[in-house]
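**Student:** Please find one structure pasted underneath; my questions will follow.
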Amino acid sequence: MVNDDLRGEIISRLEDLPTLPFVMEKLLHIVGKGDYSMAEVADIISKDQAISAKVLRVANSAYYGFPRQILDVKQAVVLLGANEVCNIALSVSVFDFFHARHPLPIDAVAFWRYNLGVAVGSVVIGKKVGFTPVRVLYLSGLLHDVGKAVLNFFLPEHYIKVVEACSCGEKEVEVERRVLGVDHCEVGGIVGEMWNFPRHIVSAMRYHCDPAGARDDAELVSIVHVAECIVYALGIGEKTAFVVDIEEFAWQTLSKSVSDFRNIGDEINREFLDAVSVFSDVMS
Ligand SMILES: [Fe+2]
């Protein structure tokens, strides 16, 4: 039975969510436009000292292995590319935005490790199936569960009920609908539109548990969905009893392009460990 009262209260509370920090808003805006210059990315990031410092720490990490220290964001953009720096800045700013809130009921670090896993997993799968442009997959994966982040960090008194009600074997979205009357995918779709996220990211947020509903973005959403299932199976990030099965539609959509998914788990795990080493300094 759906909890209509709670559903109404949660949806009305979404209107009171804070606006996005400047860097997040501007970077997501240019990502949505589809084309952006190195100067645009550097200018936006440079306006926030805390984010700039974190971007530089990441750019100077052993993972990128530049022989000389990168001293400013412009230099980082030239050496790493606008897309890479944009992804780094959004990763740290999204983490900061949510992590600054109530840390309960789910573990913020584990949650963002999981989202990082889905981001890199989406890119690995996207390359395998020849999806273009691959660059949109990282952020779609990273942000697909913002609905859950909103419930957890802004409405923890509601989300704790889901965590408490979790019983082995029941799907996460079904627990949410039963307990709250709304699931994190629907919440994600609402806040994604409210915050003017690019359309493909909103699709990933709204349909990643039901890729068939995504219509024009069905392939992208199927990629994120399969990445999510593999990341759960690998035990990356959140330790949960929730079950996530790959939807037949997503499997059919992706297997048209590639039939060989052997070793995909190993590949995603390797990429995830690299990503963790890049971000470990700034996400803790
Ligand atoms: Fe999800």
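Read the figures in this text as sums done on the coordinates, not as results from a lab. Predicted, not measured: the structure shown is a model, and the values here were computed from it. FYI the Cβ positions are ideal-geometry reconstructions off the backbone, even for glycines, and counts take in every protein chain you see.
**Student:** Residue by residue, what Karplus-based ³J(HN,Hα) values in Hz, rounded to whole numbers, does region 170-182 have, using 6.51, -1.76 and 1.60 with θ = phi - 60° and x for Gly and Pro?
**Tutor:** 8, 5, 4, 5, 6, 4, 4, 5, 5, 8, 9, x, 8
**Student:** Rounded to the nearest 0.05, what FRET efficiency do L17 and Q69 give with R0 = 35 Å and r taken as the Cβ-Cβ distance? Could you check? Working shown, then result.
**Tutor:** Numbers: r = 38 Å, r/R0 = 1.10.
Between L17 and Q69 the formula returns 0.35.
**Student:** Then there is this: Report the FRET efficiency, 1/(1 + (r/R0)^6), for D216 and D260, where r is their Cβ-Cβ distance and R0 is 35 Å, rounded to 0.05.
**Tutor:** Details: r = 27 Å, r/R0 = 0.77.
Computed FRET efficiency for D216 and D260 comes out at 0.85.
**Student:** Build a GNM of the chain with springs between Cα atoms under 10 Å: which of K127, K148, K256 gets the top mean-square fluctuation?
**Tutor:** K256
**Student:** Using a Gaussian network model of the chain with C-alpha springs under 10 Å, which one of E84, E248, E172 is most mobile by mean-square fluctuation?
**Tutor:** Highest fluctuation among the options: E248.
**Student:** Once R0 is set to 25 Å, what does the formula 1/(1 + (r/R0)^6) return for the Cβ-Cβ distance between D4 and V163, expressed as a FRET efficiency to the nearest 0.05? Walk me through the numbers on the way to the answer.
**Tutor:** Details: r = 21 Å, r/R0 = 0.86.
Step by step, r from the Cβ atoms, then E = 0.70.
**Student:** Hey, any idea what the orientation-averaged projected area of the convex hull of region 184-284's Cα atoms comes to, in nm²? Intermediate results must be reported in sequence, preceding the final value.
**Tutor:** Values: hull surface 30.7 nm².
Spelled out: convex hull of the Cα atoms, projected over all directions, averaged, 7.7 nm².
**Student:** Right, here's the next one. Within a 10 angstrom radius of the beta carbon, how do M205, M24 rank from fewest other beta carbons to most?
**Tutor:** Numbers: M205 29, M24 21.
By the 10 Å Cβ count, ascending: M24, M205.
**Student:** List the lysines whose alpha-carbon lies under 20 Å from that of K256, not counting same-chain residues fewer than 8 positions away?
**Tutor:** Straight-line reach from K256, under 20 Å: K127, K128.
**Student:** Shifting gears a bit: Select from D274, D210, D266 the residue whose mean-square fluctuation is largest in a Gaussian network model of the chain (Cα-Cα springs shorter than 10 Å).
**Tutor:** Of the options given, D266 has the highest mean-square fluctuation.
**Student:** So, with +1 on the Cβ of K and R and -1 on the Cβ of D and E, and no other charges, what is the size of the charge dipole of the chain about its Cα centre, to the nearest 20 debye?
**Tutor:** Numbers: 26 positive and 39 negative charges, 165 e Å.
Around 800 debye, computed over the chain.
**Student:** Along region 226-234, what does the Karplus equation 6.51 cos²θ - 1.76 cosθ + 1.60 (θ = phi - 60°) give for ³J(HN,Hα), rounded to whole Hz, x for Gly and Pro?
**Tutor:** 5, 4, 4, 4, 5, 5, 4, 4, 6
**Student:** Compute the Kirkwood hydrodynamic radius of region 1-158, taking the inverse of the mean of 1/r over all pairs of distinct Cα atoms, and give it in Å to one decimal.
**Tutor:** Details: mean 1/r = 0.0585 Å⁻¹.
Here the Kirkwood hydrodynamic radius works out to 17.1 Å.
**Student:** Still on this structure: Search the structure for amide H atoms under 5 Å from the amide H of D145, placed 1.01 Å from N in the peptide plane, and list their residues when 5 or more places away or on another chain.
**Tutor:** When sequence neighbours closer than 5 places are left aside, there are no close amide H contacts.
**Student:** Which far-off residues, 5 or more places away or on another chain, put their amide H under 5 Å from the one on G181, with H placed in the peptide plane?
**Tutor:** When sequence neighbours closer than 5 places are left aside, the close amide H contacts are N3.
**Student:** Okay, next question. Report ³J(HN,Hα) in whole Hz for each residue of region 111-120, in order, from the Karplus equation J = 6.51 cos²θ - 1.76 cosθ + 1.60 where θ = phi - 60°; Gly and Pro get x.
**Tutor:** 4, 7, 5, 4, 5, 4, x, 5, 4, 5
**Student:** From the C-alpha gyration tensor of the chain, pull out the three semi-axes of the equivalent ellipsoid (sqrt of 5λ each), sorted largest to smallest, in whole Å. Mind showing how you got there, number by number?
**Tutor:** Numbers: eigenvalues 170, 102, 62 Å².
Square roots of five times the eigenvalues give 29, 23, 18 Å.
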